[in-house]
Amino acid sequence: MTVKQATQSVIDRTMMRTTRSTLANVSSIPGESLPFFGIAIVLAATTYELKTACDNMVDLYDLQVALDPDTARSDDRNAVCALEVPTQQEVWSGIKKSPKEAWEGSISTLESIAGRMKKIETPDFGGAWHRFASWIGDRL
């Protein structure tokens, strides 16, 4: 296979995966928005996105090795492919323990990696939240 063919093959696969992942992400928004029950959809969509990202990183690393083995770095690929999506129970437990901490941790990470992001206000996680979370949590 020529360099041009190998490059085009990686580009084609990466574009196809990115398109599918993006469509899956956007189409999952309504289900993810369902209070508490959407956790399962969030985890499924994230698992799919992680698989896509890992496959992209593997392809890009392989292409980098083919083009210039001296510059190839497996660290980024290994970091992405080693990430694990938490279970529904782990997510729910973290939310019940401290919804504000879960919220602020997510926002902080998004702000640090997304560059400029519109400020999102922290919701009120007061008594009504805890009563609702306890009520719905017993049903999950």
query: Within segment 61-73, how many residues turn out to be closer than 20 Å to Ser9 by Cα and among the hydroxyl-bearing types (Ser, Thr, Tyr)?
result: 1
task: For segment 1-30, name all the residues that are touching a Phe, Trp or Tyr at 6+ places or on another chain (Cβ under 9 Å) and either under 15 Å from Asp59 (Cβ atoms) or aromatic (Phe, Trp, Tyr) (or both).
output: Arg20, Ser21
query: Given the residues Val80, Val42, which is the only one that is open to solvent by 50 Å² or more (accessible area, probe 1.4 Å), part of a helix (DSSP H, G or I) and either modelled with pLDDT under 90 or over 23 Å from Lys4 (Cα atoms) (or both)?
result: Val42
message: Restricting to segment 58-77, and then to whatever is open to solvent by less than 60 Å² (accessible area, probe 1.4 Å) and in a helix (DSSP H, G or I), can you tell me which residue is nearest to Gly127 (Cα to Cα)?
response: Arg77
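Being assigned to a helix (DSSP H, G or I), among the β-branched types (Val, Ile, Thr) and surrounded by 17 or more Cβ atoms within 10 Å (Cβ to Cβ) narrows it down to one residue among Thr22, Thr52; which is it? So that I can check it myself, show each step before the final result.
On the way: Thr22 fails: surrounded by 17 or more Cβ atoms within 10 Å (Cβ to Cβ).
Of Thr22, Thr52, the one residue that is assigned to a helix (DSSP H, G or I), among the β-branched types (Val, Ile, Thr) and surrounded by 17 or more Cβ atoms within 10 Å (Cβ to Cβ) is Thr52.
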query: Restricting segment 113-135 to residues that are assigned to a helix (DSSP H, G or I) and among the aliphatic types (A, V, I, L, M), which is least open to solvent (accessible area, probe 1.4 Å)?
result: Ala133
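The values are calculated or read from the model by the stated rules, or taken from the named source; none is laboratory data. Since we're looking at a predicted model, the values are computed, not measured. Using ideal geometry, Cβ is built from the backbone for each residue, glycine included, and neighbour counts are taken over all protein chains shown. For accessibility, only protein heavy atoms count, side chains too; no ligands or nucleic acids. Shrake-Rupley method; radii C 1.70, N 1.55, O 1.52, S 1.80 Å.
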